[in-house]
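Worksheet: the structure to be examined is printed underneath.
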Amino acid sequence: MTTFVDRVELNVAAGSGGHGCASVHREKFKPLGGPDGGNGGRGGDVILVVDQSVTTLLEYHHSPHRKATSGKPGEGGNRSGKDGSDLVLTVPDGTVVLDKQGDVLADLVGQGTTFIAAQGGRGGLGNAALASARRKAPGFALLGEPGHSGDIVLELKTVADVALVGYPSAGKSSLISVLSAAKPKIADYPFTTLVPNLGVVTAGSTVYTIADVPGLIPGASEGKGLGLEFLRHVERCSVLVHVLDCATLESERDPASDLDVIEAELAQYGGLDDRPRLIVLNKVDIPDGQDLADIIRPDLEARGYQVFEVSAVSRLGLKELSYALAGIVAEARAAKPKDESTRIVIRPKAVDDAGFTVTAEEEFYRVLGEKPERWVHQTDFSNDEAVGYLADRLNRLGVEEALMKAGARSGDEVVIGGAEDAVVFDWEPTLAAGAEMLGRRGEDHRFEAPRPAAQRRRERDAERDEAQQAYDGFDPFD
């Protein structure tokens with residue numbers, strides 16, 4: 001059974017905002033007491049939070065779809081809907097968030113670091129909030145904005161100071177088990193280690209973490225063996241330790257050729273050239289191993305490497321190795337820039353920034369912008385008055401003027417939004433706007449072809465007026 005996962009694809013969906021309410025206050029002797037529809041609640045966010053007690057992404061491997069709750073709709077009596085609850089997902093320290101194209105969205109390092117993976121939608125305004133001096137009793141409310149959704153990729157890159165790299169069965173697991181309190185699986189067959197193991201080492205006043213990276217083989221940088229699955233775990237380490245097997249039974253291998261192969265794979269992977277290296281000649285407790293170490297050590301030192309002869313069984317040379325690593329880690333920490341307190345940077349928009357763009361395409365004009373797209377999503381297109389309110393807002397924002405400058409004419413096709421959630425309509429320039437253009441609640445006289453229900457109401461009203469006039473003119477004594 002899989003117990004360690006360091007890369008998952010996660011589908012996240014934030015909650016949608018609740019719809020606003022269109023309501024009129026009613027009580028005895030006050031049949032039309034004014035609008036009292038409440039606002040909808042905000043949708044919940046999907047938030048990633050670093051928790052150092054979490055060491056794997058296994059939970060999201062089994063449940064890759066996560067959704068926050070939506071806001072509740074508003075109600076009459078000026079009662080706003082309840083906000084949706086945020087969905088907090090804990091991830092290991094060192095998790096990198098990427099989009100489907102592989103671009104980095106966030107690098108989560110440090111306890112409590114947060115990232116909003118999907119933002120909840122805003123709640124729609126009720127008709128009480130939409131009332132104004134010119135529109136005293138709106139017959140509509142705004143819809144809740146849909147929450148953001150999409151796929152993200154989570155990759156775990158181990159946060160450790162030292163990384164042990166080498167061929168399978170080179171003795172890395174045994175070495176980390178005696179240097180720290182870690183208890184990795186140890187056996188006499190290749191690829192015993194299937195997951196990175198972390199251990200904490202104390203050398204004098206320095207405490208550092210050491211990672212046992214699963215064995216590498218030729219072609220690891222291209223995905224062979226466990227290559228790309230775990231090469232990412234050495235990216236954050238301050239020092240790389242090559243563990244070379246001096247007692248291998250394979251005749252075509254020797255410590256020098258093993259070092260060259262692993263270095264070639266690290267170079268192919270990239271980004272690790274600046275890390276200091278140490279060489280550990282392991283298993284020198286075996287006579288043949290000590291003889292081979294004596295032969296190969298002068299050549300490695302001539303190449304500029306610091307070499308240590310160790311044995312995980314007899315614990316030979318472990319103290320010297322741990323203190324040497326502690327010194328390198330301490331130097332790396334001292335050279336690292338100190339973390340500064342987060343500064344809040346405010347980037348106000350330019351005064352002449354309209355917040356939208358109008359582009360002429362082959363058969364239509366496209367309008368893109370945060371406000372126009374949000375307003376379209378919040379509009380109830382079954383309500384003429386709501387559509388008229390949208391037209392007024394777009395006109396005040398300057399969309400109609402921009403369309404005219406772009407060459408649009410009455411009846412041209414206009415698209416607001418991107419390809420997936422765009423709204424298409426035939427453009428009719430607004431000649432007048434305001435409460436004087438409004439008729440019955442939920443209607444707008446600017447629409448030449450009103451809804452059938454509105455037309456039927458007008459016909460019933462006309463029949464009732466004719467009947468009332470006939471009744472008023474009836475004289476029973478005539």
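Here, each number is a calculation from the coordinates, and none is a lab measurement. These numbers were taken from a predicted model, which means no experiment stands behind them. Every residue, glycine as well, gets a Cβ built from its backbone with ideal geometry; the counts of neighbours run over all protein chains shown.
Observations on the model:
- Along each principal axis, Cα extent of the range 70-163, largest first, Å: 69, 26, 19
- Within the range 354-424, the trypsin sites (Lys or Arg not before Pro) that combine a DSSP coil assignment with at most 11 other C-beta atoms in a 10 angstrom radius are 409.
- Counted by Cβ distance under 14 Å from residue 152, the other residues give a net charge of -3, where Lys and Arg count +1 and Asp and Glu count -1.
- For the range 245-303, the equivalent ellipsoid derived from the alpha-carbon gyration tensor has semi-axes of 23, 13, 9 Å in decreasing order.
- Loop-located trypsin sites (Lys or Arg not before Pro) in the range 9-72 (DSSP state other than H, G, I, E, B) with a sparse environment of at most 14 neighbouring Cβ atoms within 10 Å: 26, 28.
- Once the convex hull of all Cα atoms in the range 135-179 is built, its volume per residue stands at 186 Å³.
- Rg [Å, one decimal], Dmax [Å, integer] - the range 109-149, C-alpha atoms: 17.3, 53
- Between residue 413 and residue 30, the distance separating the two model label sites (each 7 Å from Cα on the Cα→Cβ line) works out to 5.1 nm.
- Amide hydrogen proximity for residue 88: with H placed 1.01 Å from N in the peptide plane, the residues at 5 or more positions away or on another chain lying under 5 Å are 47.
- The range 1-112: proportion of alpha-carbon pairs further apart than 22 angstrom, %: 51
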